[in-house]
Amino acid sequence: MEKTLRSVDAVIFDIGGVLWRSNGIPLRDKWAVRCGLDAESFDRIVFASEWGQQALSGQITSAEKWKNIGSLLKLSDNDILELRQDTWSGWWDAELFTYIHTLKPNYKLGIISDASSETREKVKEWVNEDLFEVIVISAEERVCKPNPLIYQIALQKLAVEAPAAVFIDDRVKNVGAAQSLGMKAIHYQEYAQMRLELEKYLE
């Protein structure tokens with residue numbers, strides 16, 4: 001229902017862990033065995049390496065990140081391609097997207113995602129300008145959460161003040177950073193919990 005006076009004008013979502021869920025554990029175990037590593041060592045190289053952070057902050061491209069990882073793991077070009085494809089194995093929360101569509105007539109919708117240079121193209125079937133007015137990708141802006149700048153970029157592009165925006169993320173530190181700027185924020189744990197908390201802000 002349209003409101004004449006309201007405290008929220010924009011709802012901003014994270015992608016990974018909120019809109020999209022990775023098949024991370026099966027993926028890790030499969031590739032750790034193939035690379036002759038234990039799962040923790042594989043995680044450190046592929047998901048927690050300096051190259052990964054550099055790709056998220058736009059210092060290197062996705063292709064450069066995977067070239068470095070492939071070289072360290074002694075993977076062939078075909079292996080690297082397969083691993084890259086596997087890291088995108090997961091599922092989109094269709095129920096959440098259905099709900100987001102119901103918000104669109106009354107609220108500005110946005111994205112803030114720590115993501116690499118290939119992400120916008122990879123997610124465009126679900127995350128695009130037809131649904132979200134603003135899509136802020138860390139690699140494109142060269143800054144990652146929880147740096148306040150990435151939130152400020154999204155707020156400026158949405159043309160809303162911090163107290164009029166709700167930010168939803170699965171990481172506590174990112175939620176806290178948004179709150180420190182005066183934004184309303186929700187720590188995403190599951191769809192029902194998120195929707196209940198969000199609708200309290202939208203009342």
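Observations
- Taking (1) touching a helix residue (DSSP H, G or I) at 6+ places or on another chain (Cβ under 7 Å); (2) part of a helix (DSSP H, G or I) in turn, Glu64 satisfies each apart from (1).
- Set side by side, the residues Ser117, Ser89, Ser138, Ser113 differ, and just one is surrounded by 17 or more Cβ atoms within 10 Å (Cβ to Cβ), over 22 Å from Ser7 (Cα atoms), of a type in the set (Ser, Thr, Tyr) and at pLDDT below 95, which is Ser117.
- Unmet criterion (only one of (1) under 30 Å from Gly182 (Cβ atoms); (2) not assigned by TED's automatic domain parsing to the domain that holds Val134) for Ile69: (1)
- Applying the condition of being touching an Asp or Glu at 6+ places or on another chain (Cβ under 9 Å) and without any contact (Cβ under 8 Å) to a residue 24 or more places away in the chain to segment 162-196 and asking which residue is surrounded by the fewest Cβ atoms within 10 Å (Cβ to Cβ) yields Gln189.
Residue-by-condition table, conditions (1) under 16 Å from the mean Cα position of the chain (by Cα); (2) within 22 Å of Gly176 (Cβ to Cβ):
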residue	(1), (2)
Ile100	yes, no
Lys104	no, no
Ile137	yes, yes
Lys145	yes, yes
Ile153	yes, yes
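- Residue within segment 180-192 that is touching a strand residue (DSSP E or B) at 6+ places or on another chain (Cβ under 6 Å), closer than 25 Å to Pro26 by Cβ and modelled with pLDDT of 95 or more present: yes
- Verdict on Leu72 being assigned to a helix (DSSP H, G or I), exposed (fewer than 14 other Cβ atoms within 10 Å of the Cβ), in contact with a helix residue (DSSP H, G or I) (Cβ under 7 Å, 6 or more places away or on another chain) and in contact (Cβ under 8 Å) with a residue 12 or more places away in the chain: yes
- Number of the exception - Asp130 against (1) touching a residue at least 60 places away in the same chain (Cβ under 8 Å); (2) within 24 Å of Tyr188 (Cβ to Cβ): (1)
The values are calculated or read from the model by the stated rules, or taken from the named source; none is laboratory data. Remember, it's a predicted structure, so these values are computed and weren't measured experimentally. Cβ sites come from the backbone with ideal geometry, for glycine too, and all protein chains shown count toward neighbours.
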